[in-house]
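So the structure is just underneath, and the comments pick up after that.
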Amino acid sequence: MINRNPNIANLKAGYLFPEIAKRRREYAASHPDAKIISLGVGNTTEPVLPHINAGLIEGARRLGTAEGYSGYQDEGLPELREKISSVFYNGKFEIDEIFISDGAKCDIGRLQILFGSGTKIAAQDPSYPVYVDGSVLAGAAQGWEGTGYAGITYLPCTADNNFFPDTDLIPNDSLIYFCSPNNPTGAVADRGQLAALVETAVKKDCIIIFDAAYSEFIRDSSLPKTIYEIDRADQCAIEVNSFSKPAGFTGVRLGWSIVPKALKFAGGESVNADWNRIAGTIFNGASNIAQAGGLAALDDEGLKEIRELTDFYLGNAKLIRDSLKKLKIQCIGGDNSPYIWAYFPGRDSWEVFAEILEKCQVVTTPGAGFGPAGQGYIRFSAFGHRADVEEACRRLIVLMQKNPFRQ
Ligand SMILES: *Cc1c(COP(=O)(O)O)cnc(C)c1O
């Protein structure tokens, strides 16, 4: 028989969302009449808007015609890559620095191959689970010790440091995962903070994997939407992004990664050339249909729809934030991101999760599931139908005022 990959055994517990789903099922089984509402997961709920949807339909139609048919496109449709460069990066990148993917999470998993096992990792704590779990699977960090994997440095982001990590904790020559606007905290790094991160990476010979999946939710124009707004970021950062959240493409699957030609390994080799080689070897590109939808999303009409859709979810976020404020619960996020991060000092976040589920039949996400520094926090997601979010907020206010949170 073949041995199990030992890296799998190094993963900590189950993946967070299956665990939440299990607890929800158990609650539903013992409370068959409960009308449970989820403010828990980061999955989109609203339909793809008409112009972007027409792009998807047209992409499928063309595949059935002799003139419109296309096969493999490897790094992606050149028009789409050009459009990404002009819409998001002011034309800063050439098309061979832009790689179209089937999603940001998929690329985050694959990017690890560039660095191999033994690479030191630094990740925001709390963070999106794929950074740490993907690193462990890649063998980048071996072993499990107490509160952290050996080889992974957690960078706590809490109310005490305004949700921006102490850059002194970042080891030399490490791969840094950084997400802004952040999932789960909803915090957005400002220009000075990102500049400090880039300066640290340059000084300590690190590479940053910058996850900008929520950049289209930024409304405060002083906040950077891409790390490349910061000088020298092209020498130290790969950026991943996605159509999933802004265009409702979670099920369509389309994203991109920027791997600048200026980015080099310690030995001076081009990271871009290696990524091109890896992508050509184990990835055959994103769906042509999805890319046709992506092109539609980035023309004037499509960008209006992205604005409309992200405005809708930000509207939900405001309802949730206002409800928490009424309950005098401290929280951040929800203004430039679809997540609200609520603080329950001194409490266990799985316990608060259970309390909200029991009292309000509302599913949330326990902060501790995103890393040790998430303990005491709860993430509320603004992805939901308006009527569900309104009902969840009504229950929170009425029921929690009547029967306040345990201390
Ligand atoms: C949802 C999400 C993504 C998007 O992943 P896709 O694979 O593109 O759907 C990426 N990063 C974060 C932090 C996310 O929450």
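The values are calculated or read from the model by the stated rules, or taken from the named source; none is laboratory data. Since the model is a prediction, treat every value here as computed from it, not as a measurement. Cβ placement follows ideal geometry from the backbone for every residue including glycine, while neighbour counts extend to all protein chains displayed. The area values use the complete protein model at the heavy-atom level, side chains included, leaving out ligands, DNA and RNA. Shrake-Rupley method; radii C 1.70, N 1.55, O 1.52, S 1.80 Å.
Computed from Cα atoms alone, the Kirkwood hydrodynamic radius reported for the range 217-334 is 17.3 Å. Amide H contacts of Ala237 (H built 1.01 Å from N, in plane; Pro and chain starts excluded): Ile208 sit under 5 Å, all sequence-distant by 5 or more or on other chains. Just checking the listed ones, Ala140, Ala195, Ala266: in the Gaussian network model of the chain with Cα springs under 10 Å, the one fluctuating most is Ala266. For the chain, the solvent-accessible area works out to 43 Å² per residue, with a probe of 1.4 Å and every protein chain left in place. If the segment from Lys304 to Ile2 were pulled out straight at 0.36 nm per residue, it would be longer than the present Cα-Cα gap by 103.4 nm. What residue among Pro126, Pro338, Pro47 shows peak mean-square fluctuation when the chain is described by a Gaussian network model with Cα springs under 10 Å? Result for the chain, Cα springs under 10 Å: Pro47 fluctuates most. Note: the range 50-300, Cα convex hull, 128 Å³ per residue.
Quick one: among Leu63, Leu327, Leu49, which has the greatest mean-square fluctuation in a GNM of the chain with alpha-carbon springs under 10 angstrom? Its mean-square fluctuation being the largest, the pick is Leu63. If both residues of a DSSP beta bridge must be in the range 50-300, then about 35% of such bridges are antiparallel.
Taking only alpha carbon atoms, the range 40-108 gives an Rg to Rh ratio of 1.02, where Rh is the Kirkwood radius.
Under a straight-distance cross-link criterion of Cα-Cα below 26 Å, which lysines are reachable from Lys120, leaving out those fewer than 8 residues away in the same chain? Of all the lysines, those that pass the test against Lys120 - Cα under 26 Å, at least 8 places apart if same chain - are Lys12, Lys105, Lys203, Lys204, Lys261, Lys264. Between Gly384 and Thr45, the built amide H atoms are under 5 Å apart, and every one of these is 5 or more places off in sequence or on another chain. Straight-line cross-link reach from Lys35 at under 24 Å between alpha-carbon atoms covers these lysines, not counting any fewer than eight positions away in the same chain: Lys22, Lys318, Lys326, Lys359, Lys402. 3J(HN,Hα) along the range 93-104: 9, 7, 5, 7, 9, 10, 10, 7, 10, 8, x, 5 Hz, from the Karplus curve 6.51 cos²θ - 1.76 cosθ + 1.60 with θ = phi - 60°, whole Hz, x for Gly and Pro. When a 1.4 Å probe is rolled over the protein heavy atoms, the share of accessible surface on the chain that falls to carbon and sulfur comes to 51 percent. Put a dot 7 Å past the Cα of Asp348, heading toward its Cβ, do the same for Lys402, and the two dots end up 2.8 nm apart. Orientation-averaged projection of the range 1-71 equals 11.2 nm² [convex hull of Cα atoms, one quarter of hull surface area]. Here the Kirkwood formula, the inverse mean of 1/r across different C-alpha pairs, assigns the range 251-403 a hydrodynamic radius of 18.7 Å. Could you work out the relative contact order of the chain, using alpha carbon pairs under 8 angstrom and six or more residues apart, expressed as a whole percent? Normalised by residue count, the contact order of the chain is 22 percent.
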